[in-house]
Amino acid sequence: MSGLGHNSDEIDFKKIRSEFPILNKKVNNKDLVYLDSAASAQKPKAVIDALNDAYLETYSNVHRGLHWLSEQSTFKYEEVRKKAANFLGASNSNEIIYGSGATHLINLIANSWGRKFLKPDDEIIITIADHHANIVPWQLVSQQTGSKIHAVPVDKDGNFDIKDMERLINKKTKIISVPHVSNVLGTVFPVKEIARLAHEVNAICIVDGCQGAIHLPVDVKDINCDFYTFSSHKLYGPSGVGVLWGRLSILQEMPPFLGGGDMIDNVEIDNSTYADPPHRFEAGTPPIAEVIGFGAAIDFVQQIGMKNIRDHEQKILKHFTKKLKEIKELSIIGNSSNKSGVISFLFDGAHPHDIATILDQKGIAIRAGHHCAQPLMKHFNISSTARASIGVYSKEEEVDALIEGLKTVKKLLG
Ligand code: PLP
């Protein structure tokens, strides 16, 4: 892939779109309109080629192998750690931990840091807008440690008010874990301010960046959080891999989460000593080719530039919002002025699942359901929404196709 440019004047989003072979597909005899990128993004040729290349040219297990293939594989695998650090604005690649995805990596923090440091009556603050991946791990650890969970609400438009969080913070607060961007509302959370509040009471701040790092430039030094995690498959990379950036001084204090090969220093039958971070947290054979493919995904978005991606997506989102607001039967769930990536909506007289099924007949892929955010659904007194989400390849014509599709929904169900 070349010539995608870095200067927004030169960015050719048509060309970028042509890098994604699957987008040329017909689904139900119609041109595919893929508006489900928040669940998982499609893959550019560069990522598919990197995966193929990893298997065709250099595949072998990583670390400790003395032969050429293992050295090649290890080199490529470890280079991605540096790319991920650079992508997140971190200066030390030892602060990057690979895992199977954000779910695994939030569980890692909960089980390692949480079980070591949380005491009865300590408090964990999350938000009502969190994905189950940033709720259930905290429930599991709070059941084991006797700590308590509080959730900051959002208002009827999906806005987050930092004052609501301030009211919950006190000396017992040990963890504040928040989404960078809500996967239902699209609300962008003020993570820098949240990190500052956490540090005022010596709590750690974790950012679930699954819907953030894919749409916005991220600089963990500027946010000044303690952990930031996201999954490769939402950033146009392979599934089965994600990264956690963690502050080294904190990682060094944390015990392993999973035990096995590659995470040890010395093993006796009744005791072991452990490797330093990041390997302490990476037991067993990792998804080697997928990590290498993830590196190609990072190169891909960096060649375009995250600022350019954000600007392009904001343009599509603006068009989308305007068009949806013209439909009187439709209400948008999540009307924050600072939104990214997703639009959830309800349509009078039509269940979200029926909307998704009717649109699918037209080749339009959206998502319907609770989006792994049941507490948020309950907060809004609904059980599900229809959700369209966009990516770097999205275009206004796709928004228009969905708007046309909604006319059929209205005819059939409205
Ligand atoms: N957090 C958010 C905000 C998400 O949107 C998702 C996935 O939809 C996750 C966490 C979990 O990601 P994964 O399933 O890749 O672990």
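The values are calculated or read from the model by the stated rules, or taken from the named source; none is laboratory data. Bear in mind the structure is a predicted one, so any value in this text is a computation, not a measurement. FYI the Cβ positions are ideal-geometry reconstructions off the backbone, even for glycines, and counts take in every protein chain you see. The protein model used for the area step is the full one, side chains on, heavy atoms only, and it has no ligands, DNA or RNA in it. Shrake-Rupley method; radii C 1.70, N 1.55, O 1.52, S 1.80 Å.
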Any hit, region 190-210, residues being more than 16 Å from the ligand (Cβ to nearest atom), over 22 Å from the mean Cα position of the chain (by Cα) and open to solvent by less than 40 Å² (accessible area, probe 1.4 Å):
yes
Test: residue in region 364-380 that is over 20 Å from the mean Cα position of the chain (by Cα), within 25 Å of L235 (Cβ to Cβ) and either outside any loop (DSSP other than H, G, I, E, B) or modelled with pLDDT of 95 or more (or both)
yes
In region 27-76, anything open to solvent by 50 Å² or more (accessible area, probe 1.4 Å) and among the acidic types (D, E) is listed as D31, D49, D53, E57, E71
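What residue, of G391, G405, G334, G363, is in contact with a strand residue (DSSP E or B) (Cβ under 7 Å, 6 or more places away or on another chain) and within 16 Å of the ligand (Cβ to nearest atom)? Before the answer, list the steps.
Numbers: G391 fails: in contact with a strand residue (DSSP E or B) (Cβ under 7 Å, 6 or more places away or on another chain); G405 fails: within 16 Å of the ligand (Cβ to nearest atom); G363 fails: within 16 Å of the ligand (Cβ to nearest atom).
Step by step, each of G391, G405, G334, G363 is checked, and only G334 is in contact with a strand residue (DSSP E or B) (Cβ under 7 Å, 6 or more places away or on another chain) and within 16 Å of the ligand (Cβ to nearest atom).
Within region 281-302, does at least one residue satisfy the condition of being open to solvent by 50 Å² or more (accessible area, probe 1.4 Å), touching a Gly at 6+ places or on another chain (Cβ under 8 Å), of a type outside the set (D, E) and assigned by TED's automatic domain parsing to the domain that holds G240? So that I can check it myself, show each step before the final result.
Pass one, region 281-302, residues open to solvent by 50 Å² or more (accessible area, probe 1.4 Å): 285, 299, 302.
Retained after the next criterion (residues that are touching a Gly at 6+ places or on another chain (Cβ under 8 Å)): 285.
From what is left, the residues that are of a type outside the set (D, E) are 285.
Imposing the further condition that a residue be assigned by TED's automatic domain parsing to the domain that holds G240 reduces the set to 285.
So far as region 281-302 goes, yes, one or more of its residues are open to solvent by 50 Å² or more (accessible area, probe 1.4 Å), touching a Gly at 6+ places or on another chain (Cβ under 8 Å), of a type outside the set (D, E) and assigned by TED's automatic domain parsing to the domain that holds G240.
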List the pairs whose first member sits in region 385-398 and is under 15 Å from I304 (Cβ atoms), whose second member is among the polar types (S, T, N, Q), and whose Cβ atoms are under 8 Å apart, counting only residues at least 6 apart or on separate chains?
I390/S37; G391/S37; G391/Q42; Y393/Q42; S394/S37
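Condition first: among the polar types (S, T, N, Q) and open to solvent by less than 10 Å² (accessible area, probe 1.4 Å). Now tell me which residues in region 328-376 satisfy that.
Selection gives S340, S344.
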Filtering strands (runs of 3 or more DSSP E) wholly in region 210-280 for at least 3 residues that are within 23 Å of F294 (Cβ to Cβ) gives 227-231, 242-246
